[in-house]
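First up is the structure itself, then whatever we jot down about it.
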Amino acid sequence: MGTATQIICALLLLGLAYYLPTHYIQDSKDGVHKKDKVEDGTSAGKADESLSFGPSRLRDGDNVRLLTKEELARHGPNGPDKPILLAVMGRVFDVEKGRDNYYGPNGGYNFFSGVDGTRAFVTGEFNEKGLIDDIRDLKPAEINELQVWIDFYDKEYTFYGKVIGAFYDKDGRPTEELTYFEEMKEKYVLFKKNEKAEQNQYPGCNSKWSEAEGGEVYCSSKSGGIHRDWVGFPRRLFSSVSREWRCSCVHPDNLGNPNLKEYPNCDPNSIRCQTKPPGKL
Ligand code: HEM
């Protein structure tokens, strides 16, 4: 479990550091990712069948406990009720076995105990403002991270029930917010697929910089890690949904793509473009 957690935390770090290029996908709000289908169902057996079910649902069948937030709070790091519980995306897990290391009074992650602090699992905002079950403005990659945490708790701890809140209504039925989560994950997967296809069609450029020669981007038959039998011309390739762009080596057949812009002061037929004049950065 230690290793698994460390991997998740490392992924989180990476995600936070590079803020994965997920702002490429945008919906009415920025969304999420996904790995396996997330679950969701209800204790009453009236699950929305369009949603898939994860292991916790299978384990507990239809006898899923439904807690209020107040009930959940009683299972915080200092009791009064046991076991210690925490919730992610409305799913409640018994984390009693992590009492000493993480979730009990002396645990370093005890702010997660007794609450649904879903948002903080990806923002790292471990305070009252951050430990909430509101995911609406999270980015697709962040929503993806939430699925990773759900899978983690499913694997390492025991599913206990569901908490009434943003993701389950008072009858234990999935809310619109949970559906949003599912949709965002689907979008993220699609986005990742498209991103890969786009990398092949529009490989990245090589770049170099020296004080004497300044900065330059240039194309080769291997640039962007895509081995091919053409070289292409450097262009700025803009995202269709944000102002982000990257340098791409463009095949002559694709030069008409409206998302492309030439580098200023660069011959459009050159395979290299100066991006910074010589001198110190
Ligand atoms: C959004 C940021 C983060 C969140 C939400 C988070 C969450 C957690 C949680 C919930 C645990 C306990 C897991 C369990 O029950 O086994 C944990 C453990 C741990 N975390 Fe993080 N973490 C974050 C960032 C980090 C960072 C930045 C580091 C290191 C630089 C880190 C290092 C660790 C380590 C070493 C453990 C203990 C692993 C073990 O010994 O089992 N975490 N983290």
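Run down Lys187, Lys192, Lys162 and say which single residue is of a type in the set (D, E, K, R), in contact with a helix residue (DSSP H, G or I) (Cβ under 7 Å, 6 or more places away or on another chain) and more than 16 Å from the ligand (Cβ to nearest atom).
After applying the criteria, what remains is Lys187.
Looking at (1) in contact with a Gly (Cβ under 7 Å, 6 or more places away or on another chain); (2) part of a helix (DSSP H, G or I), which one does Asn144 not meet, given that it meets all the others?
Condition not satisfied by Asn144: (1).
Among strands (runs of 3 or more DSSP E) lying entirely in the range 152-256, which contain 2 or more residues that are farther than 30 Å from Ala73 by Cβ?
Once the strands (runs of 3 or more DSSP E) in the range 152-256 are filtered for at least 2 residues that are farther than 30 Å from Ala73 by Cβ, what remains is 206-210, 214-218, 233-238, 245-250.
Would you mind stating whether Leu131 is touching a strand residue (DSSP E or B) at 6+ places or on another chain (Cβ under 9 Å) and within 30 Å of Phe112 (Cα to Cα)?
Judged against the criteria, Leu131 is a match.
Name the single residue, out of those in the range 116-132 being within 9 Å of the ligand (Cβ to nearest atom) and in a loop (DSSP other than H, G, I, E, B), that is surrounded by the most Cβ atoms within 10 Å (Cβ to Cβ).
That would be Gly117.
Of all residues in the range 88-115 being in contact (Cβ under 8 Å) with a residue 60 or more places away in the chain and either within 12 Å of the ligand (Cβ to nearest atom) or of a type in the set (Lys, Arg) (or both), which is farthest from Tyr153 (Cα to Cα)?
Among those residues, the one meeting the criterion is Lys97.
No value in this document is a laboratory result; all are computed from the given coordinates. The structure displayed is predicted, hence computed values, not measured ones. Heads up, the Cβs are rebuilt from the backbone with ideal geometry, glycines too, and the neighbour counts pull from every protein chain shown.
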